[in-house]
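Here the structure is laid out as structure tokens; the discussion comes afterwards.
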Amino acid sequence: MQEIVAPPLSKAEENCLTIAGLVKKLHYDFLELGGLLLENQTQGFWGASGAESFKDFVQQLGVSYDWATRMMGVAKAVVEAVWTKEEVLGIGIAKACLLLPRIKDGQLPNDLKLLAENCTFNDLRKELGHNLTDPEDSGEYLLCPRCGVEIDLKPGMVKRR
């Protein structure tokens, strides 16, 4: 029987694999954190920290309340079986947060789940109706500090250091 030996990975390949593994772990940690925050809020555990409110408790942790509520929303959607933990880990926390407002009556349409699985974050944002600026549509301009008029910049007008 002949032994098959895979060629060693390049530094770039190792780097990409390490990043992918860390992102997957990060998504899992965010989901777990959201679940713990949800439990902390619903059970009133935050009072043991001496905080005056749940919002104060979250802000004492050094994270924004908005971010925490999004993590809690994703965790709640898993508890309510809107999607599975594996589905969330597959699409990623950022996309799951984008889909939170689309959950109606404990359901998320399958077409949105499929869309989240098969497209990038920005493509999902576009499909959901978010207004994204196309790089081709944006130009450089100066804003006059005196009158507020926008001055379109043409090539060569500004020297960069």
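Report the residue count in the stretch 119-129 for those that are closer than 21 Å to Met71 by Cβ and assigned to a loop (DSSP other than H, G, I, E, B).
Final tally of qualifying residues: 1.
Which residues, counting only those in the stretch 70-111, are among the basic types (Lys, Arg) and at pLDDT 90 or above?
Arg70, Lys76, Lys85, Lys95, Arg102
Among residues belonging to the stretch 35-81 that are surrounded by 13 or more Cβ atoms within 10 Å (Cβ to Cβ) and either among the charged types (D, E, K, R) or in contact (Cβ under 8 Å) with a residue 60 or more places away in the chain (or both), point out the one that is nearest to Leu100 (Cα to Cα).
Arg70
Is the stretch 3-15 home to any residue that is surrounded by 10 or more Cβ atoms within 10 Å (Cβ to Cβ), in contact with a helix residue (DSSP H, G or I) (Cβ under 6 Å, 6 or more places away or on another chain) and either on the phi < 0 side of the Ramachandran plot or not in a helix (DSSP H, G or I) (or both)?
Within the stretch 3-15, not a single residue is surrounded by 10 or more Cβ atoms within 10 Å (Cβ to Cβ), in contact with a helix residue (DSSP H, G or I) (Cβ under 6 Å, 6 or more places away or on another chain) and either on the phi < 0 side of the Ramachandran plot or not in a helix (DSSP H, G or I) (or both).
The values are calculated or read from the model by the stated rules, or taken from the named source; none is laboratory data. All figures in this text were calculated on a predicted structure; none of them were measured in a lab. Quick reminder, even Gly has a Cβ in these numbers, built from the backbone with ideal geometry, and neighbours come from all protein chains shown.
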